[in-house]
1. So which residues in the range 18-38 are in contact (Cβ under 8 Å) with a residue 24 or more places away in the chain and either of a type in the set (Phe, Trp, Tyr) or farther than 27 Å from GLY187 by Cα (or both)?
2. Those residues that are surrounded by 19 or more Cβ atoms within 10 Å (Cβ to Cβ) and more than 19 Å from the chain's Cα centre (by Cα), I need them from the range 152-170; list them, please.
3. Sort through TYR245, TYR280, TYR204 and tell me the only one that's among the aromatic types (Phe, Trp, Tyr) and modelled with pLDDT under 85.
4. Can you tell which of TYR204, TYR182 is surrounded by fewer than 17 Cβ atoms within 10 Å (Cβ to Cβ) and assigned to a helix (DSSP H, G or I)?
5. If you take just the helices (runs of 4 or more DSSP H) that sit entirely in the range 58-117, which of them hold at least 2 residues that are surrounded by fewer than 17 Cβ atoms within 10 Å (Cβ to Cβ) and at negative phi?
6. Residues being in contact with a strand residue (DSSP E or B) (Cβ under 8 Å, 6 or more places away or on another chain) and among the hydroxyl-bearing types (Ser, Thr, Tyr): count how many of those fall in the range 90-105.
7. Scan the range 19-57 residue by residue and report those that are part of a helix (DSSP H, G or I), of a type in the set (S, T, N, Q) and modelled with pLDDT under 90.
8. What pairs come out if I take residues in the range 118-131 that are outside any helix (DSSP H, G or I) and at pLDDT 95 or above and pair them with residues that are buried (at least 24 other Cβ atoms within 10 Å of the Cβ) and not basic (Lys, Arg) whose C-beta lies under 6 Å away, six or more apart or interchain?
Amino acid sequence: MTDPTKKVLGIHGNSSYMEFEFSFFTLPMYLLFTPLIYVPITLIIDLRIFAKLMNAKLEKHINVHLFKSICMFQFMSFLFFIADLFHLRLPTTGIFTRWCASVEPNHFIMSLYILTFYINYATMLFPILISLMRLILILSPRNHEKINGKLMKAAIPIISIYPLFFTFFMFPAVGYCTQPLYPFTFGAITFHFDGTWFGLKNNYFLLGNDLFWMTICISINTVLLVKLVILKISLARHSRSNHSYKIELSLTLTTLSMILSYLSTGMVVICFQLFPAYTYHAIMLRPYGNDLESCVVPWVFYLTHPVFRKKSKIHIQVLHS
């Protein structure tokens, strides 16, 4: 018998959802397969970038640390894609609806929530790390390899621990499933949580981090853009080779494209605060904003950097601008 004093969360125990018939012929299901258009190509590009990193370790004049940080950023972006697949994309198709309605709110659902946002917070720091490495290369061209090596060693544990400060309060909570509003249809579900320490919510932490790190990233890249313009003028004035300019331009475009990750992350929270009627529209679009960032960064890097062109004597200067 159901305890009348027990708090009812979401769709759990609701017979309408327990009898829901899943269908492959729905808009969320069609959208689920959209990444098949661009994700396989992106994975091939990621593998080629990783292969170049492995070869780069044999060279003495390549900025391996910068290359490695770009590869790690792409790896984290791929992990976020997988986590978000189970956290948002699959639930909105209705494939988990009957199961979710038939069980109690639980920590398994919560673990998906925590994992997704742990990866999200960690991914926020990589554009800063990459931008800092480029800035160090400019400010200390002779010692940048040593400094960036130390920065990399310090950054990895920091990036690993940092997300815990903004997810720890979720550990005692339970996750539950709810029916999202329009444009989602009956049977779609989204995950929420209840019972956090101190009653804390994730929205403000997420938005605060997003705006803070995006501001830092834009500030550093503004300095790098000024340096790029100065380099272009200097090369034109002295009629020198523009190879170093091409490298700088590629890295600048790559780091600027990483800002897309902050925009897609903040979209839902900002809509929730300012335009609540459009919150679920933003939720439906957000995964594709993440996909855009995950694809644009490796594509820009791969298509613009000279190291991925035909082999020549200049390839040993990969990231040593």
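1. PHE20, PHE22, TYR38
2. MET170
3. Just one listed residue meets the conditions, TYR245.
4. Going through TYR204, TYR182 in turn, just one is surrounded by fewer than 17 Cβ atoms within 10 Å (Cβ to Cβ) and assigned to a helix (DSSP H, G or I): TYR204.
5. Because the criterion is at least 2 residues that are surrounded by fewer than 17 Cβ atoms within 10 Å (Cβ to Cβ) and at negative phi, the helices (runs of 4 or more DSSP H) in the range 58-117 that meet it are 64-84, 97-102.
6. Of the residues in the range 90-105, 2 are in contact with a strand residue (DSSP E or B) (Cβ under 8 Å, 6 or more places away or on another chain) and among the hydroxyl-bearing types (Ser, Thr, Tyr).
7. ASN55
8. Listed by first residue and then by second, the contacts come to nothing, as the list is empty.
The values are calculated or read from the model by the stated rules, or taken from the named source; none is laboratory data. Everything numeric here is computed off the predicted structure, so don't read it as measured data. FYI the Cβ positions are ideal-geometry reconstructions off the backbone, even for glycines, and counts take in every protein chain you see.
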